[in-house]
Amino acid sequence: MKTFCFFESNELEPSFEVIPLGFSFFALFFGPFWGLANKLWFISFVWILSFILIFFISKIFFYSSFFFLTILISSFFWGIYGRDMLIQFLIKKNYLPKKIISADSEKNAVIIFLSEKM
């Protein structure tokens, strides 16, 4: 079973977001591009600019293995902390965590959340 966290907005028109908790394989493989897809603009752009800078530095000093090691470490960082960064982003946008639900899929978690809400 997967664990999902539900966030509700604090605004006039209520809405909610569902975020799966734990390791993200999409973030592992796509890193900052996953961040861009999830509207983590600043962190993703800083990461991409860092990659470009490290790439050129590794070319200047002939340390291509350093660049690949950086990508590997970065991928694991995104996989482990990507969803946590997304949760922090939602909290900054005035979303409040309301409930944590374990379910087989996101659809089932949403059904459980909405049925308890009524």
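Rule-based calculations on the coordinates, nothing more; no lab input. Please read all numbers here as calculations on a predicted model, not as lab measurements. Virtual Cβ from ideal backbone geometry, glycine too; neighbours counted across all protein chains shown.
Using the alpha-carbon atoms, what tilt in degrees (0 to 90, nearest 10) does helix 64-92 show relative to the longest principal axis of the chain?
Here the helix axis deviates by roughly 20 degrees.
Which aspartates and glutamates have a Cα less than 17 Å from the Cα of Lys92, not counting those fewer than 8 places away in the same chain?
Glu8, Glu11, Glu17, Asp84
Kindly put Leu90, Leu69 in sequence by how many other C-beta atoms sit within 10 Å of each C-beta, fewest to most. List each step's numbers first, then the result.
Values: Leu90 19, Leu69 13.
The fewest-first ordering by Cβ neighbours comes to Leu69, Leu90.
Normalise the Debye intensity by I(0) for segment 60-118, one equal point scatterer per Cα, no solvent, then take log10 at q = 0.15, 0.16 Å⁻¹ and round to two decimals.
Debye output, listed in q order: -0.68, -0.73.
Note down the relative contact order for the chain as a percent, whole number, built from C-alpha pairs under 8 angstrom at least six residues apart.
The value is 43 percent.
For q = 0.12, 0.19 Å⁻¹, what log10 I(q)/I(0) does the chain give under the Debye formula with an equal point scatterer on each alpha carbon and no solvent?
Computed log10 I(q)/I(0) values: -0.53, -1.00.
With runs of 4+ DSSP H residues as the only contributors, calculate the mean residue ellipticity of the chain at 222 nm using -39,500 (n - 2.57) per run, divided by the residue total and rounded to the nearest 500. Intermediate results must be reported in sequence, preceding the final value.
Numbers: 5 runs with 73 residues, N = 118.
Dividing the helical sum by the residues of the chain leaves -20000 deg cm²/dmol.
Can you give the angle from 0 to 90° between the axis of helix 41-60 and the longest principal axis of the chain, with both taken from C-alpha atoms, to the nearest 10?
So the helix axis and the longest Cα principal axis differ by about 20 degrees.
Would you list which lysines come within 28 Å of Lys98, measuring only between C-alpha atoms, while excluding same-chain residues fewer than 8 positions from it?
Lys2, Lys39, Lys107, Lys117
Are there GluC sites (Glu not before Pro) in segment 1-50 that DSSP puts in a loop and that have at most 13 other Cβ atoms within 10 Å, and which ones?
Within segment 1-50, the qualifying GluC sites (Glu not before Pro) (loop, at most 13 other Cβ atoms within 10 Å) are Glu11.
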